[in-house]
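Here is the structure we will look at.
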Amino acid sequence: MRQAPLLILGAGPAGLAAASEARAQGIEVLLLDENPAPGGQVHRAVGGFYRPEAGAPGADQAREGLRLIQAAAASGAECRFGATLWAVQEDGVVSWSEGGRAHQVQASVLLLCPGATERALPIPGWTLPGVMGVGAAQILLKTAGLLPEGRVWLAGQGPLLWLYAAQLLDKGVRPAGILDLSPPGMNWRAAWHLPMALRAPGYLAQGLGWMWRIRRAGIPVIRAREVAALGEGRLSAIAVDGRTFPADWLLLHDGVVPNTQVTRALPGCAHIWDQAQASFRPVLDAWGNTSLEGLLVAGDGGGIGGARAAALSGRIAALEAARWLGFLTADQRDAMAGPLLHRRAAELAPRGLLDAIFPPLPMARVADATVVCRCEEITAGRVRAAVALGVQGPNQVKAFLRAGMGACQGRVCGPAVHALMAEARGVDPGALEPLRTRFPTKPVTVGELAGLAGGE
Amino acid sequence: MFRRSGPSDCEITWNGATIPARQGESLAAALLAAGVTHFRDTAVSGSPRGPFCMMGACFDCLVEVGGVANLQACLVPVTPGLEARMQIGARAAGN
Ligand code: FES
């Protein structure tokens with residue numbers, strides 16, 4: 001079997017920066033990503049289709065992304081795209097599908113940079129075509145230059161919602177309105193984090209800038225409690241606290257959560273509940289080491305920190321990989337990582353404020369009739385009823401109701417079902433065991449597997 | 001609809017009808033740009049679905065491409081002449 005000293009999963013900011021840094025230390029690098037091009041979600045299609053003009057919302061970020069992509073391409077790392085990882089064995093054998101074939105390598109050090117996914121915001125009717133994530137709509141803009149037409153509503157909370165709305169305005173699309181679902185009275189509590197956040201004022205200025213742009217353009221910003229998507233076969237209207245508005249698109253956003261689909265499937269890889277971010281994340285040391293030897297995690301997959309912190313974490317983890325592999329002594333690693341650790345701390349300084357301003361929406365608001373598990377079409381009411389019958393946590397409810405057992409394997413419903421159950425039981429979400437995942441984490445065909453048996 | 005801010009450069013088919021597309025964009029993007037929002041019907045209740053996450057996580061964009069079912073349209077890159085169809089009720093692989 002082929003050997004890979006360092007295998008990196010994910011070509012977002014963390015993976016790209018890690019690949020460049022590891023190559024600079026002389027390590028042979030294999031980088032896998034299931035997307036057709038590098039960049040991850042934040043830097044999607046940068047340098048390809050997505051080239052925002054200077055001064056456009058998100059342009060600074062795109063420039064940083066382009067630098068990361070170019071550096072990784074020039075580094076000599078072997079980058080494979082359209083490569084979907086589906087299993088990691090305890091002995092370091094990694095399996096993935098690429099071009100309709102299964103492949104395997106034996107990795108000495110494995111660095112996972114799986115990034116984040118949008119947190120589900122279950123509302124009535126959110127399975128109707130015409131309802132999408134704000135992040136999804138932004139991906140369409142970046143990868144294909146697509147702009148939504150008609151009456152476009154954005155609902156939820158979080159920085160991405162405001163950034164995308166600003167990007168739409170910049171492209172001449174006027175959203176019909178923004179439905180701010182964040183609970184009132186949250187902002188003064190956030191003020192506690194302000195002094196820390198001012199260590200990196202760029203983020204605040206940027207975020208306020210987007211919001212100002214939207215208000216100046218006269219886009220209605222409606223503080224709302226409840227939103228429902230209405231329509232037969234396709235979204236045609238929305239109901240906002242009892243008032244109905246015609247709608248062609250409803251874009252939902254409730255922040256992002258670490259993608260822990262692979263780490264949770266690895267026995268012995270410890271995870272903890274992050275109270276501030278209301279999500280599970282793998283337990284990591286400052287270098288990105290997990291509780292399993294030779295397995296590192298960098299970027300948002302280890303806790304939400306944003307693209308810049310992710311790139312720094314990728315470089316830090318690459319230096320640690322270099323130490324593992326004997327390319328650096330611990331002292332050399334420490335010396336090289338010092339400034340990076342410092343910069344990362346500064347990047348993470350505003351996190352407390354952001355987490356406080358944009359807490360995920362409480363599950364108590366999700367009505368019993370609302371579907372939470374889109375794959376198996378399981379409602380919040382059925383999950384609550386299961387709890388009333390004594391079902392303890394997400395792993396039991398999976399067997400009981402099939403929630404989290406569909407094709408997405410809990411990627412979308414997992415955090416919502418978890419929060420719902422904790423609330424119904426009246427316990428801290430950290431007290432419930434997170435949904436266990438299983439390999440293959442993505443579907444793999446029998447044909448692909450048969451190819452493996454034939455020798456790779 | 002989603003409107004294109006850039007050019008299309010090839011054609012693909014959806015349920016036998018020709019639609020414009022752009023090489024390398026995702027099949028999901030091409031369909032949305034052509035006004036298609038209904039990609040499949042679910043196996044559980046037969047309810048209509050279209051893409052939701054656009055990043056390979058939700059599996060709501062499943063379609064049939066070249067006779068192969070259960071492909072995530074948001075992860076399938078467009079190639080000229082690609083033939084895609086709506087997926088009706090079939091289970092996703094892995095179930
Ligand atoms: S739209 Fe979610 S997997 Fe394709």
Evaluate the distance, in nm, between pseudo-label points positioned 7 Å from the Cα of A:V427 and of A:E98 along their respective Cα→Cβ axes. 4.3
Rounded to the angstrom and largest first, Cα extents along the principal axes for the range A:55-192 equal 51, 40, 34
Residue-count net charge about A:L163 - beta-carbon cut-off 11 Å; Lys, Arg +1, Asp, Glu -1: 0
With axes computed from alpha carbons, what is the tilt in degrees of helix A:134-144 against the longest principal axis of chain A, rounded to the nearest 10 within 0 to 90? 60
Shielding by other protein chains, B:31-40, mean Cβ within 10 Å: 3
Averaged over its residues, how many other protein chain Cβ atoms are within 10 Å of peptide A:228-240's Cβ atoms? 1
Using only DSSP helix segments of four residues or longer, with each worth -39500 (n - 2.57), what per-residue ellipticity at 222 nm results for the protein assembly as shown after dividing by its residue count and rounding to 500? -9000 deg cm²/dmol
Would you tell me the accessible area of A:K171, worked out with a 1.4 angstrom probe on the heavy atoms of the protein chains, in Å² to the nearest 10? 100
What is the helix-to-structure angle for A:159-170, meaning the angle in degrees between its Cα long axis and the longest Cα principal axis of chain A, kept from 0 to 90 and rounded to the nearest 10? 80
Would you be so kind as to identify which of A:P5, A:L128, A:A24 lies farthest towards the positive end of the dipole of the range A:1-159, taking Lys and Arg as +1 and Asp and Glu as -1 on Cβ and the Cα centre as origin? A:L128
Considering only the other residues whose Cβ falls under 14 Å of the Cβ of A:G326, what net charge follows from Lys and Arg at +1 and Asp and Glu at -1? -1
Suppose accessible area is computed on protein heavy atoms with a 1.4 Å probe; arrange A:E226, A:E347 from highest to lowest. A:E226, A:E347
Rounded to a whole number, what % of the accessible area of chain B do carbon and sulfur atoms account for, probe 1.4 Å? 52
How big a patch of accessible area, both sides summed and in Å² to the nearest 100, lies buried between A and B at a 1.4 Å probe? 3500
Compute the distance in nm between two label points, each set 7 Å from the Cα along the Cα-to-Cβ direction, one at A:A59 and one at A:Q396. 5.6
Checking every Cys Cβ in chain A against the others at 4.7 Å leaves as unpaired A:C79, A:C113, A:C269, A:C375, A:C408
State the percentage of accessible surface on chain A attributable to carbon and sulfur atoms; use a 1.4 Å probe and exclude ligands, DNA and RNA. 56
Quick one: which of A:160-169, B:24-33 comes out on top by average Cβ neighbours within 10 Å, and what's the full order, highest first? B:24-33, A:160-169
Residue-count net charge about A:F400 - beta-carbon cut-off 13 Å; Lys, Arg +1, Asp, Glu -1: +3
Under 29 Å Cα-Cα from A:K398, which lysines qualify once same-chain neighbours fewer than 8 residues away are excluded? A:K442
Could you give the size of the charge dipole of chain A about its Cα centre, using +1 on the Cβ of each K and R and -1 on the Cβ of each D and E, expressed in debye and rounded to the nearest 20? 940
Rounded if a/c is under 1.5, else prolate if a/b is larger than b/c, else oblate: which is the protein assembly as shown, with a ≥ b ≥ c the root eigenvalues of its Cα gyration tensor? rounded
Fraction of beta bridges assigned by DSSP in the protein assembly as shown that are antiparallel (%, nearest 5): 55
The range A:85-147: GluC sites (Glu not before Pro) falling in loop per DSSP and having at most 11 other Cβ within 10 Å: A:E90
Pull up the cross-link candidates among the lysines for A:K142, meaning alpha carbon to alpha carbon under 17 Å and not fewer than 8 places away within one chain. A:K171
Dipole magnitude of chain B about its Cα centre (Cβ charges: Lys, Arg +1; Asp, Glu -1), debye to nearest 20: 180
B:N15/A:L341 FRET efficiency (R0 35 Å; Cβ-Cβ; nearest 0.05): 0.05
Under a Cβ-only charge scheme (Lys and Arg +1, Asp and Glu -1), can you give me the dipole magnitude of the range A:220-298 about the Cα centre, in debye to the nearest 20? 140
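The values are calculated or read from the model by the stated rules, or taken from the named source; none is laboratory data. Everything quoted here is computed from the prediction, not taken from an experiment. Every residue, glycine among them, receives a Cβ derived from its backbone with ideal geometry; neighbour counts consider all protein chains shown. Only protein heavy atoms, including side chains, enter the accessible area calculation; ligands, DNA and RNA are left aside. Shrake-Rupley method; radii C 1.70, N 1.55, O 1.52, S 1.80 Å.
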